[in-house]
Amino acid sequence: MERERLVDEVLMLMPTLMRAIGGPDPAEMAEFASRGIPVDVRVSPGHVQILIALSRGPHSVGQLAEALGVSASAATQLVDRLVEHGMVERRHGTADRRVVVVDYAPRMREVALRLMEVRRRRLAEAFARLTDEEALAFVKGLRTLSEGFGAAPGEEN
């Protein structure tokens, strides 16, 4: 298959995949607004990646930077913006008060976890149709494409 057709096919499929996984729908946006979270805020892919990482529990900025493949200063900038909008907050760790962890703001936790669960379920259902080898090849290909754009995943362009 010629590369140009493959590139066009990827361009055609990506919006379909993103629609299938889904961004916040009007009801979800209304829930954000009811919790005092601005609905007109521009949330970059890096911000979304921070929110996804936090769905697995609180993280230090260093852990977030590692998860996103960016520098600690880039992760700090992403977190700063989310703190400004009341989506996440920083607090001292329970085991070591010198450690600062980032977690969802209390008003954000429930809705964010529900949003993530819906999207994880949709993606898991689609992945269930793939063999383990196909799923691994798909993810490896996405990583390679992302790296080909010259920025680490999560890095602001």
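Please treat every number below as a calculation from the coordinates, not as lab data. None of the values given here were measured: they were computed from a predicted structure. Here the Cβ is made from the backbone with ideal geometry for all residues, glycine too, and neighbour counts use every protein chain on show.
Calculate, for residue 133 and residue 11, the FRET efficiency according to 1/(1 + (r/R0)^6) with r their C-beta to C-beta distance and R0 25 Å; round to the nearest 0.05. Computed FRET efficiency for residue 133 and residue 11: 0.50. Between residue 72 and residue 122, the simple spin-label model (points 7 angstrom out along Cα→Cβ) gives 3.6 nm. Relative protection proxy for 6-17, 72-83, 108-119, from highest mean packing down: 72-83, 108-119, 6-17 (other beta-carbon atoms within 10 angstrom). Using R0 = 41 Å, the C-beta based FRET efficiency linking residue 145 and residue 80 works out to 0.90.
In summary, the convex hull built on the alpha carbon positions of region 11-135 has an orientation-averaged projected area of 9.4 nm².
Each of 94, 48, 148 was placed along the dipole of region 26-148 (beta-carbon charges, centred on the mean Cα), and the one lying farthest toward the positive end is 94. Its Cα centre serving as origin, the chain has a Cβ charge dipole (Lys and Arg +1, Asp and Glu -1) of approximately 520 debye. Modelled this way, with points 7 Å down the Cα-to-C-beta line, the labels at residue 97 and residue 19 are 5.4 nm from one another.
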